[in-house]
1. Residues of region 337-356 with the amide nitrogen closer than 17 Å to a label point 7 Å from the Cα of Arg103, along Cα-to-Cβ, please.
2. Among Cys141, Cys159, Cys401, determine the one that fluctuates most according to a GNM of the chain built with springs between C-alpha atoms less than 10 Å apart.
3. Excluding ligands, DNA and RNA, what is the solvent-accessible area per residue of the chain at a probe of 1.4 Å, expressed in Å²?
4. Test of understanding: in a Gaussian network model of the chain with alpha carbons linked when under 10 Å, which of Val195, Val38, Val308 would top the mean-square fluctuation ranking?
5. What residues qualify as long-range amide H neighbours of Ser247, i.e. H under 5 Å apart, gap of 5 or more or another chain, H built at 1.01 Å from N?
6. Taking R0 as 22 Å, what FRET efficiency do you get between Leu202 and Asn409 from their Cβ-Cβ distance, rounded to the nearest 0.05?
7. Amide H neighbours of Ser254 under 5 Å, counting only residues 5+ apart in sequence or on other chains, H built in-plane at 1.01 Å?
8. Pick out which of His143, His266, His381 has the largest mean-square fluctuation in a Gaussian network model of the chain, springs linking Cα atoms closer than 10 Å.
Amino acid sequence: MCLTIPGKIIDIKNGMASIAENQNQIKIDLGFVSGAKVGDWILYATERAVKIIDENEAREIINLLETKYKPVDNQKLPDRLKEMIVDLRANQQGQRGKRKVKRITKPDIEYLLSLENPEELTTLYSEANTLRKSELKDFVCIHGIIEFSNYCKNNCMYCGIQKDNESIKRYRMSADEIIEAAGDAIENEGYKLVVLQSGEDLSYSDDDIIGIISALKNNHKVFIFLSVGERSENFYRKAFAAGAHGSLFRFETSNPKLYAKLHPGHSLEQRLSSLRTQQKIGYYVASGSLVGLPGQTISDIASDILMVKKLGVPMISSGPFIPTGGTPLYKIKSQSANRRTKVKTVELFLKYIAVSRLLMPEIKIPVTTALETLDPENGRHRGLLAGANALMFNLTPKKYCKNYKIYDNKYVEREKVWQKYGLFKGEESYEMLEKRLRF
Ligand code: 5AD
């Protein structure tokens, strides 16, 4: 984790460096970075310098978020889209100046999710990207995930680790293995936020999981997010007290009928009740839905985005649906149909990110692994440029990782350049994160 951007020093006075940021000049405390001079590039976080970097490195980082959108001729855009953008911009400024303009309605969201014309899509993505930049700058957060067990007692129709899938090899990591994998990522690589995820596997008792959380919190400065599904209120309370302060907990779909169909024996109501309990306890909850499920309509997806907003979560956790071998929703299609479906799903999910950003300017949006799986070359970049602001890297030990097959061909690469950009060691980064996440 996270939160650094490069800047070129224009001036230095009393240990403070001036940096050009957008059209403004800002002042950065050089802190313990010694020897910096005018003209040097530094990597900095909210208000502190982290280290001096060379110009090539700075350029490499800047390129990661460089916008390559071709300018769009506004005259060619449909009136409805133009008006919506004017309203959105006014609303943004209006919020600051306390002037309210028309809100985005559900039919508006459906309209945006249905855009297909390349110029219109460019307009949508670049509006969302501009908003990300103005709200969150280029601070890209890196989260790490350890998938510690692929046993699951449930049979979610889309999920590759569902109980009845006999085609995968099951594994459980021991408490020591989990603690070691997390400790290594924190101390040696600079991760500050680690997600502990598994199928719903009751062979880990409440106390087993709480023991792991305590061991990590006693030895490291780290934020722990749980992603272990529906457990009791008592479990979530004890885990919070032990130091797990975040939870990745999707509602998967806001359509109760579709939810019931996809999750035999479970209901949306029950899912949301657990989510609200976690919020009440004080968890920093990331939630959202699967996008592109069979039987899901554009109206359902628009409702999903509105549900994220209504729940008031500070972070979205959503991803595109990927048909997966060994599950009831897997249908073998011809290669070309598959490729076309993939392109469509990626596009639909990018629209979902962009609309979410427009509706919730400050929300944290990680690019999820499923998007990178569908578009390994560009998924990460395209997600960020459509309004996302965080990445999730896989920290599961290699020997287990390939068996955590929520979906096929899961993308697990961690490009060095992002780690260089997003991870740095030291307590200071933890404190900054603490401030940002407001625990
Ligand atoms: N495609 C995409 N995402 C999936 N998940 C489970 N199965 C799939 C799939 N086939 C997601 C669910 C779950 C998260 C851990 O993984 O949304 O909440």
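The values are calculated or read from the model by the stated rules, or taken from the named source; none is laboratory data. All of these numbers come straight from a predicted model, not from anything done at the bench. Note: ideal-geometry Cβ built from the backbone for every residue, glycine included; neighbour counts use all protein chains shown. These area figures cover heavy atoms from the full protein model, side chains too; ligands, DNA and RNA do not enter into them. Shrake-Rupley method; radii C 1.70, N 1.55, O 1.52, S 1.80 Å.
1. 356
2. Looking only at Cys141, Cys159, Cys401, the biggest GNM fluctuation is shown by Cys401.
3. Using a 1.4 Å probe on heavy atoms only, each residue of the chain averages 46 Å².
4. Val38
5. Leu226, Tyr284, Val285, Ala286
6. Working: r = 29 Å, r/R0 = 1.32.
Efficiency computed from Cβ-Cβ geometry: 0.15.
7. Excluding prolines and chain starts, which carry no amide H, the hits are Asp304.
8. His266
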